[in-house]
Amino acid sequence: MAGTTSVGGLVSGLDTATIISQLMQVEAQTQTRIKTQLSTAQSTLTSVKDLNAKLASLTTSAADLAKTTSWNPVTVTSSSTLVSVTPGSNAVAGPLTFTVGHTALAHRLSFTSTAALTDVVTTGSTKVRLDRLDGTSVDLDTGDGTLRGLVAALNASGTGVKASTVRLDDGTYRLQVTSATTGAASDFTLTNLDGSALLGGAGVTAGRDAEITVGTDVLHSATNTFAGVANGLSITLKPSVPDGTVVDLDVVGDTAGMAAKVKGLVDAVNDALSKIDALSSYNTTTKTAGPLAGDAAVRAVRNALLNTVYPTDGTSLASAGVQLDRYGKLTFDADKFTAAYAADPSAVAAQLGTGFAGRVQAVAKGASDSVKGTVTTSINGRTSAIDRMQDSIADWDNRLAIRKDALTRQFTALETALSQMNSQSSWLSGQLAKLNSGGSS
């Protein structure tokens with residue numbers, strides 16, 4: 001809205017600009033109060049977002065420790081970079097040696113005759129038969145019977161085989177069909193529908209199981225991974241490991257590593273608790289409350305985090321090294337943990353992994369979940385309130401502009417009226433002077 005220019009008290013002698021400014025300060029008191037509330041709300045929102053980010057981080061760290069695969073009581077080193085080993089929760093410390101017999105292979109057919117992609121390669125019909133050699137077979141329609149149609153039909157069949165072609169120097173293509181999985185059970189044949197040879201028959205690379213020898217025992221796996229086969233270890237061979245490779249494993253206890261993981265989670269919980277306390281506490285010296293003092297959602301999260309140290313069966317985590325102190329913070333006793341873990345790794349893993357860490361994860365996720373989290377919901381509500389305040393401030397800007405324009409018009413009208421009155425007074429004085437002059441003559 002265009003402003004109205006005031007004459008500035010030239011006639012009345014009043015400082016109209018100052019008067020209007022003071023009147024507008026009175027008019028703007030409500031908006032000023034909203035601006036103060038907005039500043040406080042924005043600061044509080046930042047604090048809540050910081051807390052939510054910390055709880056989201058706690059969710060991740062707790063989820064990691066809650067996984068059973070995180071509770072590996074040992075670390076393993078391998079003498080071969082072509083062999084990797086993953087310890088399970090029941091892994092046993094000590095040396096282990098094994099010899100690689102061979103790696104696993106996928107069954108492959110390489111067909112004798114070659115053809116152009118547009119050549120018809122099926123006979124008798126446009127269908128082919130894939131026999132899994134386990135008593136099951138699938139008839140596949142290639143569409144037009146061409147090599148291109150055959151490759152497309154095989155790859156789209158969902159039968160667990162992959163077809164490809166190799167372009168030769170003469171411009172023709174050789175068909176290769178390979179099982180998507182390795183192992184001796186991956187074998188299959190591919191023929192015309194009537195059982196006759198397709199493309200002159202095929203050379204066979206037979207699928208085979210991987211093989212290792214541990215002591216006097218020969219172990220087999222359809223893949224290159226032997227899951228939990230020796231001392232609770234899962235052994236994986238890279239395809240390039242040579243036959244006959246002797247592999248020495250050094251399996252050593254890693255209680256210190258597990259203690260560090262548990263301590264890390266305890267510290268993360270305490271960090272979240274400290275953040276909540278800093279935001280919601282009351283300072284008796286300054287007599288000021290934190291921005292989240294009285295926030296029920298935040299108070300509920302704090303209580304829930306403290307309660308994670310109490311198993312649902314009424315037992316205690318103190319024997320495993322985790323408990324509450326008198327100040328309402330979690331403590332971790334590494335010596336108690338080490339003793340308990342050495343005595344019964346599985347029991348401690350259940351207590352502090354799926355138990356304690358699982359409960360912490362549930363609490364932190366319940367608060368910080370991006371859709372339904374209680375703290376997230378608080379953030380959304382505060383954001384909406386801030387939006388309303390900003391809209392209200394904008395409305396007040398328009399309202400105050402209109403009010404200032406009205407005051408300016410009023411004072412301008414006053415100056416104009418006074419000016420006219422002064423002019424009329426001067427005219428009357430002149431007329432009276434003339435009358436008085438005429439009468440005396």
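Filter the stretch 77-121 down to the residues that are under 26 Å from residue 246 (Cα atoms), polar (S, T, N, Q) and not in a strand (DSSP E or B) and list them by number. Please lay out each step first, then the result.
Within the stretch 77-121, the subset under 26 Å from residue 246 (Cα atoms) is 77-106.
Add one more test, that the residue is polar (S, T, N, Q), and what stays is 77-81, 84, 86, 89-90, 97, 99, 103.
Answer for the stretch 77-121, where residues must be under 26 Å from residue 246 (Cα atoms), polar (S, T, N, Q) and not in a strand (DSSP E or B): 79, 80, 81, 89, 90, 103.
Here are some conditions: (1) in the same structural domain as residue 289 (by TED's automatic domain parsing); (2) closer than 30 Å to residue 164 by Cα. Residue 60 meets all but one. Which one does it not meet?
Single failed check for residue 60: (2).
Would you check which residues across the stretch 302-316 are closer than 25 Å to residue 275 by Cβ and out of contact with any strand residue (DSSP E or B) (no Cβ under 6 Å at 6 or more places or on another chain) and list them? Write out each step before concluding.
If we filter the stretch 302-316 for residues that are closer than 25 Å to residue 275 by Cβ, which is where we start, we get 302-310.
Within the stretch 302-316, 302, 303, 304, 305, 306, 307, 308, 310 meet the criteria.
Tally up the residues in the stretch 360-398 that are surrounded by 14 or more Cβ atoms within 10 Å (Cβ to Cβ) and outside any helix (DSSP H, G or I), please.
2
So if I check each of 307, 303, 270, 283, which one is modelled with pLDDT under 90 and either surrounded by fewer than 19 Cβ atoms within 10 Å (Cβ to Cβ) or touching a helix residue (DSSP H, G or I) at 6+ places or on another chain (Cβ under 8 Å) (or both)?
Details: 307 fails: modelled with pLDDT under 90; 303 fails: modelled with pLDDT under 90; 270 fails: modelled with pLDDT under 90.
When all the criteria are applied, what remains is 283.
Count, please, the residues in the stretch 399-441 that happen to be farther than 21 Å from residue 18 by Cα and either touching a Gly at 6+ places or on another chain (Cβ under 7 Å) or in a helix (DSSP H, G or I) (or both).
Pass one, the stretch 399-441, residues farther than 21 Å from residue 18 by Cα: 420-441.
After this cut, where a residue has to be either touching a Gly at 6+ places or on another chain (Cβ under 7 Å) or in a helix (DSSP H, G or I) (or both) as well, the list is 420-440.
The total comes to 21.
Which of the residues spanning the stretch 235-293 are touching a residue at least 40 places away in the same chain (Cβ under 8 Å) and basic (Lys, Arg)?
238, 261, 263, 275
Could you say which residue among 321, 314, 328 is at pLDDT 90 or above and either of a type in the set (Lys, Arg) or over 17 Å from residue 90 (Cα atoms) (or both)? Outline the logic, then answer.
Numbers: 314 fails: at pLDDT 90 or above; 328 fails: at pLDDT 90 or above.
After ruling out the rest, the residue left standing is 321.
Which pairs do you get when a residue that is within 9 Å of residue 104 (Cβ to Cβ), found in the stretch 212-223, comes within reach of a residue that is among the small types (Gly, Ala, Ser) and surrounded by 15 or more Cβ atoms within 10 Å (Cβ to Cβ), reach meaning Cβ atoms under 6 angstrom, with the pair 6+ apart or on two chains?
Filtered contacts from the stretch 212-223: 221/210; 222/183; 223/104.
Could you grab me the full set of residues in the stretch 166-197 that are over 30 Å from residue 101 (Cα atoms), touching a residue at least 12 places away in the same chain (Cβ under 8 Å) and in contact with a Lys or Arg (Cβ under 9 Å, 6 or more places away or on another chain)?
Once the filter is applied, which keeps residues that are over 30 Å from residue 101 (Cα atoms), touching a residue at least 12 places away in the same chain (Cβ under 8 Å) and in contact with a Lys or Arg (Cβ under 9 Å, 6 or more places away or on another chain), the stretch 166-197 yields 168, 173, 174, 191, 192, 193, 194, 195.
Might you check whether a residue that is closer than 30 Å to residue 249 by Cα and either exposed (fewer than 13 other Cβ atoms within 10 Å of the Cβ) or not hydroxyl-bearing (Ser, Thr, Tyr) (or both) occurs anywhere in the stretch 160-183? I'd like the intermediate steps shown before the answer.
The first filter runs over the stretch 160-183 and keeps only residues closer than 30 Å to residue 249 by Cα, leaving 181-183.
Among the residues that remain, those that are also either exposed (fewer than 13 other Cβ atoms within 10 Å of the Cβ) or not hydroxyl-bearing (Ser, Thr, Tyr) (or both) are: 183.
Within the stretch 160-183, one or more residues are closer than 30 Å to residue 249 by Cα and either exposed (fewer than 13 other Cβ atoms within 10 Å of the Cβ) or not hydroxyl-bearing (Ser, Thr, Tyr) (or both).
Within the stretch 376-383, is there a residue that is out of contact with any helix residue (DSSP H, G or I) (no Cβ under 9 Å at 6 or more places or on another chain) and without any contact (Cβ under 8 Å) to a residue 60 or more places away in the chain?
Residues of the stretch 376-383 that are out of contact with any helix residue (DSSP H, G or I) (no Cβ under 9 Å at 6 or more places or on another chain), as a first pass: 380-381.
Next cut, without any contact (Cβ under 8 Å) to a residue 60 or more places away in the chain only: 380-381.
So far as the stretch 376-383 goes, yes, one or more of its residues are out of contact with any helix residue (DSSP H, G or I) (no Cβ under 9 Å at 6 or more places or on another chain) and without any contact (Cβ under 8 Å) to a residue 60 or more places away in the chain.
If residue 297 passes every condition in (1) under 29 Å from the mean Cα position of the chain (by Cα); (2) in a loop (DSSP other than H, G, I, E, B); (3) within 24 Å of residue 63 (Cβ to Cβ); (4) not polar (S, T, N, Q) but one, which one does it miss?
(2)
The values are calculated or read from the model by the stated rules, or taken from the named source; none is laboratory data. What you see is a predicted model; the values in this text were computed from it and never measured. Cβ: placed from backbone, ideal geometry, glycine included. Neighbour counts: every protein chain shown.
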